[in-house]
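Below is one structure, written out as structure tokens; comments come after it.
No lab work stands behind these numbers, since they all come straight from the coordinates. None of these values were measured; they are calculated from a predicted model. Methodologically, a virtual Cβ is constructed for each residue, glycine included, from the backbone with ideal geometry; neighbour enumeration extends over all protein chains shown.
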């Protein structure tokens, strides 16, 4: 005598499919952007991640996250027009 597991397995498959369709989208995984307070109140240009480093590029400076604070690593008199991150120089 053969016993089919399909009738018992069908509700599980339907529930799994429903969970994937309703709760697995990118909106469910999205997090709000953190706010970064910087000295100088410059307009942010870019937020970069290179390895474990987090950098904020503003109109005239580059800031690196060290612990819970951003430390200015570079300052320029001319405005920054573009930014990129690389693991090697």
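Annotations for the structure displayed:
- Distance between modelled label sites at residue 64 and residue 47, nm, 7 Å Cα→Cβ extension: 2.0 nm
- The slack in the chain from residue 73 to residue 39, taken as 0.36 nm per residue of separation less the alpha-carbon distance, amounts to 11.0 nm.
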